[in-house]
Amino acid sequence: MTRLEMELIITLDTALHTTGNLRRPGVDKAMARTAQGDPVLPATTLKGFLREKAEILLRAWGHPVCLGPEPDRMCKGPEPCRICRVFGNPRHPSPLRFSDATLIHADEDLSVRAGVAISRHRRAAFPQRLFFMETIPSIPERPIRGQAWCEGDFFDPTTAREAAALIALAARWGIAIGGGKTRGLGWIREIKVNAHIDGEPLPESALVEIWRAWREGTHVA
Ligand SMILES: [Zn+2]
């Protein structure tokens, strides 16, 4: 078996909201938090974000990959697609385990933002749809930073390298993460991926080589 370990360092340009399960007074959508009460970017949010971006990119390059996240739209055959081989589906568990991202932010206090649900058809704001959402504020000079881990065991070094390349490719997609994306929250400045295979750092050049092969369709799954 080949062990793949990846450190994901996330930098955000805007405030972040990821809805948690806890209820807080005066807030309709409370932040997801650890047991200790620290705000987090949950592993499921991070994994779902990376899966969605990987699907879009591989499909754009003509790779036959299935459409998540609904389980019945994911591939069902004995040979899972390149996305399911890395991110898993109900029949093929993912070899990778993601951690929650712990968040480092300059301001200790979370801020509460008001939002109004807007009808896309009528372009009108309804007063009864006003809600309050807890966010981590972001200061341009000291952006929110998060650190997560992703690791797993693969059949051989090739499949481990391909999994690292897929995660790193999706991480290059600069777009919003978490809740309130259309309200300008959670804009990613950068997700840096530091990958190690069996303890050895995986160089950027190895990733670029795999991306080039995928783009040219020579490694179509
Ligand atoms: Zn699939």
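The values are calculated or read from the model by the stated rules, or taken from the named source; none is laboratory data. All figures in this text were calculated on a predicted structure; none of them were measured in a lab. When we count neighbours, we look across all protein chains shown, and the Cβ atoms used for this are built from the backbone with ideal geometry, even at glycine.
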Residues in segment 185-221 that are modelled with pLDDT of 85 or more, of a type in the set (Val, Ile, Thr) and either in a strand (DSSP E or B) or in contact with a Cys (Cβ under 9 Å, 6 or more places away or on another chain) (or both) total 3
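Restricting attention to segment 166-177, does a residue exist that is at pLDDT below 90, part of a loop (DSSP other than H, G, I, E, B) and buried (at least 18 other Cβ atoms within 10 Å of the Cβ)?
yes
Working only within segment 68-88, note down all residues that are more than 10 Å from the ligand (Cβ to nearest atom) and not in a loop (DSSP other than H, G, I, E, B).
Of all residues in segment 68-88, those more than 10 Å from the ligand (Cβ to nearest atom) come to 69-72, 78.
Hits for segment 68-88 are 71, 72.
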Residue set 40, 65; condition in contact with an Asp or Glu (Cβ under 6 Å, 6 or more places away or on another chain) and within 13 Å of the ligand (Cβ to nearest atom); output residue 65
Only one of 103, 96, 58 is away from the ligand (no atom under 12 Å from the Cβ), closer than 21 Å to residue 191 by Cα and at pLDDT 90 or above, namely 96
Being buried (at least 20 other Cβ atoms within 10 Å of the Cβ), on the phi < 0 side of the Ramachandran plot and among the basic types (Lys, Arg) narrows 97, 91, 85, 59 down to just 85
